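Laboratory data are not the source of any read-out in this text; all were calculated from the coordinates shown. Treat the numbers as computed from the prediction; the structure is a model and nothing was measured. Note that each Cβ is placed from the backbone with ideal geometry, even for glycine, and that neighbours are counted across all protein chains shown.
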Amino acid sequence: MGNYEKTRIFVPGFKIIIKIMTIESIGTTAGVVWTALSTSGKMSVKELKKVTKIKTDKELYSALGWLAKEDKLIFKEKGEEMFIWLA
């Protein structure tokens, strides 16, 4: 996914790009997660990350937090795995 806002900082002799996760990008990623779960039903975190092509754990967990705050998800641990589906 890569939903980050890129900010460039110029320092003489260096080119630095800082990636900033924004509220808008988290919301967009949450929409992608919701769509995947509404289509596929219950999924493990690993499956969800693979299906949605979300690149980082930070993006995935931010999106899951967004949806959990809205009471849209159910979580269940089974062994070492976490499964998630829509409420």
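Brief remarks follow.
- GluC sites (Glu not before Pro) within the stretch 28-87: DSSP coil, no more than 10 neighbouring Cβ in 10 Å: 80
- Links that overshoot a 29 Å alpha carbon limit, given the list 19/42; 15/49; 15/50; 46/69; 15/46: 19/42; 15/49; 15/50; 15/46
- Cβ-based net charge around residue 87, under 14 Å, with every Lys or Arg adding one and every Asp or Glu removing one: +2
- Restricting the stretch 38-87 to trypsin sites (Lys or Arg not before Pro) in coil, as DSSP defines it, with at most 14 other Cβ within 10 Å: 42, 53, 55
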